[in-house]
Amino acid sequence: MKKPQEDKLKNILIRKGIGGLTLIDFLGIKESKRTKEVLMGLAKEGDIFLPINLRENTWTNTTNKGWGNGYVDVPKRHPCYGKSTIEVIDKFKGENTPIVTYSDLTDSGWWRLGFDSLDKPNLKKEDILELTLDLLIELYMMR
């Protein structure tokens, strides 16, 4: 990716936070891989907060499972807020929404959407992070 495009992504995300993903989509920037890299870089430097949560699966003894679960939190104004997993999958037909197997209110008042890695024994922690970031980008680009 060209340097100006990279700077544009960073500037938007630093100024607008995670909500800047909607603007990035509106501007037609379709650099998913680069967007994930920029998000992770900004999060590591403490410049942006990513409303994601990864949980290792330690509650089941089955061997037919991946590393764990990935979750994305959305605020009250988000179109998926308060929606069940079936509503999210049916109403918001995205590339990543079909993986949603969890939907519930958090203690902080955000709505949590997520997925598990049961029956996906090859998924490692890095894979769960990638899938969670993909879901985050898709959910935050919804209008």
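All of the numbers you see were taken from the coordinates with simple rules; none came from a lab. Not measured: the values here are computed from a predicted model. Note: ideal-geometry Cβ built from the backbone for every residue, glycine included; neighbour counts use all protein chains shown.
Taking label points 7 Å from Cα along the Cα-to-Cβ direction, Asp7 and Asp104 give a separation of 4.6 nm. Taking trypsin sites (Lys or Arg not before Pro) across the stretch 1-107, the ones in a DSSP loop with at most 14 further Cβ atoms lying within 10 angstrom of their Cβ are Lys2, Lys30, Lys76, Arg77, Lys93. Counting only Cα atoms, the size of the chain along its three principal axes is 48, 29, 27 Å, in decreasing order. Normalised by the residues of the chain, what does the relative contact order come to in percent, with Cα pairs under 8 Å and at least six apart? In percent, rounded to a whole number, it is 27. In order along the stretch 39-52, phi translates into HN-Hα couplings of 4, 5, x, 5, 5, 5, 7, x, 8, 8, 9, 9, x, 10 Hz, rounded to whole numbers, per the Karplus curve 6.51 cos²θ - 1.76 cosθ + 1.60 with θ = phi - 60° and x for Gly and Pro.
Highest mobility in the GNM of the chain, judged by mean-square fluctuation with C-alpha springs under 10 Å and restricted to Thr22, Thr62, Thr101, is found for Thr62.
Subtracting the Cα-Cα distance of Ser84 and Glu126 from their residue separation scaled by 0.36 nm leaves 12.4 nm. Taking Phe115, Phe92, Phe26 as the candidate residues, the one with maximal mean-square fluctuation in a Gaussian network model of the chain, Cα springs under 10 Å, is Phe26.
Using alpha carbons only, how many degrees (0 to 90, rounded to 10) separate the axis of helix 125-140 from the longest principal axis of the chain? Rounded to the nearest ten degrees, it is 60. A full extension of the chain between Leu118 and Leu54 corresponds to an added length of 21.6 nm, given 0.36 nm per residue minus the alpha carbon distance. Positive contributions from Lys and Arg (+1) and negative ones from Asp and Glu (-1), summed over other residues with Cβ under 9 Å from the Cβ of Trp111, come out at +1. The H on the amide N of His78, modeled in the peptide plane, is under 5 Å from the matching H of no residue at least 5 residues off or on a different chain.
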